[in-house]
Amino acid sequence: MLSALLFSLILFGQKEGWKTYEKDGYSVQYPKNWEYSDQKPQPMVQFVLMSEEDSQEEDNFRENINLSTEFLQGREISLDAYVEIALDQVEKQIPSAKILSTEDILLNGMKAKSSIWIADFGSGVMLKFKQYILISDGTAYILTFTSTEAEFDEYVNQATDILDTFKINS
């Protein structure tokens, strides 16, 4: 019995005690103490994963991960060009934004970009973001982890573990 469970965990890559969300040809895994929501704060947002409720006790902010998608309508655009445009838009739309890093990564066999940036949205609380961006079959996928700057280091490893489970299912 135990060997069958281990085999299925290895075969399907399921993290123990984690839930899997699958929809529209993609999947992501997240800890059972995080909460899934399909409430869309913006039309491009497909889902939001929220950290445990008590994460907001000190700063009234609940760390979260969301997925936005953009159908590229047949436009041929490289990942590098798409990320450059996306980060330029961030800097233009949010004057306080500062891009801290951008790097190439491999996400479950797919080329992607990881970036970290920070911005003050006028609330006096600095927010820090870690994003993964990839393009597959004419759709851009933008996974964004959002945290207060003060708690970013506390949550970024767990958020990265979640981001790293994102898969485009063929």
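The values are calculated or read from the model by the stated rules, or taken from the named source; none is laboratory data. The shown structure was predicted, so the numbers you read here are calculated from the model rather than taken from an experiment. Quick reminder, even Gly has a Cβ in these numbers, built from the backbone with ideal geometry, and neighbours come from all protein chains shown.
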Residue among Phe47, Phe7, Phe61, Phe71 that is at pLDDT below 90, aromatic (Phe, Trp, Tyr) and touching a strand residue (DSSP E or B) at 6+ places or on another chain (Cβ under 8 Å): Phe61
Hits in segment 113-139 - residues which are more than 21 Å from Tyr155 (Cβ to Cβ) and more than 12 Å from the chain's Cα centre (by Cα): Gly122, Ile135, Ser136, Asp137, Gly138, Thr139
Residue list for segment 92-105, filter: of a type in the set (S, T, N, Q) and surrounded by fewer than 13 Cβ atoms within 10 Å (Cβ to Cβ): Gln93, Ser96, Ser101
All positions within segment 144-170 that are assigned to a helix (DSSP H, G or I), among the hydroxyl-bearing types (Ser, Thr, Tyr) and under 17 Å from Phe61 (Cβ atoms): Tyr155
Residue check, Leu87 touching a strand residue (DSSP E or B) at 6+ places or on another chain (Cβ under 6 Å), within 23 Å of Asp153 (Cα to Cα) and in a helix (DSSP H, G or I): yes
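Residues checked against (1) of a type in the set (D, E, K, R); (2) farther than 22 Å from Lys23 by Cα; (3) in contact (Cβ under 8 Å) with a residue 12 or more places away in the chain; (4) surrounded by fewer than 18 Cβ atoms within 10 Å (Cβ to Cβ):
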residue: Lys130; (1), (2), (3), (4): yes, yes, yes, no
residue: Ile133; (1), (2), (3), (4): no, no, yes, no
residue: Leu143; (1), (2), (3), (4): no, no, yes, no
residue: Val156; (1), (2), (3), (4): no, yes, yes, yes
residue: Phe166; (1), (2), (3), (4): no, no, yes, no
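A quick yes/no check of all residues on (1) in contact with a Gly (Cβ under 7 Å, 6 or more places away or on another chain); (2) surrounded by 11 or more Cβ atoms within 10 Å (Cβ to Cβ); (3) closer than 30 Å to Lys15 by Cβ:
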residue	(1), (2), (3)
Pro43	no, no, no
Glu53	no, no, yes
Leu67	no, yes, yes
Val90	no, yes, no
Leu107	no, yes, yes
Ala119	no, yes, no
Leu127	no, yes, yes
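Listed residues Glu76, Glu151; which is surrounded by fewer than 19 Cβ atoms within 10 Å (Cβ to Cβ) and under 27 Å from Lys23 (Cα atoms)?
None of the others qualify; the one that does is Glu76.
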Answer from Thr139, Thr148 - the residue that is under 18 Å from Leu49 (Cβ atoms) and of a type in the set (Val, Ile, Thr): Thr148
